[in-house]
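S.K.: Below you will find the structure I want to go over with you.
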Amino acid sequence: MRGNVARCAGSLALAATLLPACTDLPTFNAPDRSIATIRMSGCSGVAVQSSCPMSAQAWDAEGNPIPNPPIVWISSKPHVASVTGAGSEATLTGVTAGRTEIKASDAARRVSDSMTVRVAPLDENKL
């Protein structure tokens, strides 16, 4: 491939005008590594002022796992439970008693998985 580029392009200044005329350059299609499926796991309940780990896995359209996926974590009611983290790992923290939806989404928010989490009131007898 290096020989073809040198013969057709010659220099970077000429590359833009000469490369479209070159028909002997090899072409390839890079695999699409965009996220097609996300599955999250973690606790379905937590107490106020307590935390638990959450995780998400992502796969491409061919079913291949995507390492270190760019996952965005969202709580539908951050006043009930907050979720902090980026990528495949996050931490859920109970803020006040109630229920909220926790979502793991791709950066464009086209693909996601979610689960409802219950935050139990703080047991004041254990303080």
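Bear in mind these aren't lab numbers, they're just calculated from the coordinates by the rules spelled out. Keep in mind that what you see is a predicted model, and the values were worked out from it rather than measured. With ideal geometry, Cβ positions are generated from the backbone for all residues, glycine too; neighbour counts draw on all protein chains shown.
S.K.: HN-Hα J couplings of the range 55-67 from phi, Karplus 6.51/-1.76/1.60, θ = phi - 60°, integer Hz, Gly and Pro as x?
M.R.: 3J(HN,Hα) across the range 55-67, in whole Hz: 8, 9, 10, 10, 10, 7, 5, 8, x, 7, x, 9, x.
S.K.: When the Karplus curve 6.51 cos²θ - 1.76 cosθ + 1.60 is applied with θ = phi - 60°, which whole-Hz ³J(HN,Hα) does each residue of the range 36-46 get, with x for Gly and Pro?
M.R.: Values, residue by residue: 10, 9, 10, 10, 10, 8, x, 6, 9, x, 8 Hz.
S.K.: If you don't mind, there's one more thing I want to ask. Going by amide H atoms built from the backbone, whose H comes under 5 Å of the H on Ile66, apart from near neighbours?
M.R.: Under 5 Å from the amide H of Ile66: Ala58, Trp59, Asp60.
S.K.: Give me the distance in nm between label points sitting 7 Å out from Cα along the Cα-to-Cβ direction at Ala47 and His79, one decimal.
M.R.: Rounded to a tenth, the inter-label distance reads 2.4 nm.
S.K.: Place a point 7 Å from the Cα of Thr116 along the Cα-to-Cβ direction; which residues of the range 72-101 have their backbone N under 15 Å from it?
M.R.: Answer for the range 72-101: 76-77, 98-101.
S.K.: Something else: Summing Lys, Arg as +1 and Asp, Glu as -1, what charge do residues with Cβ under 10 Å from the Cβ of Lys77 carry, Lys77 excluded?
M.R.: Numbers: positive: Arg99; negative: Glu101.
My count for the surroundings of Lys77 gives 0.
S.K.: Using only Cα atoms, what is the ratio of the radius of gyration of the range 37-126 to 2.2 N^0.38 Å? Write down the numbers at each step before the final one.
M.R.: Working: Rg = 13.7 Å, N = 90, 2.2 N^0.38 = 12.2 Å.
So the Cα radius of gyration is 1.13 times the expected 2.2 N^0.38 Å.
S.K.: Using 7 Å Cα-to-Cβ label points, what is the Ala97/Thr37 separation (nm, one decimal)?
M.R.: 3.9 nm
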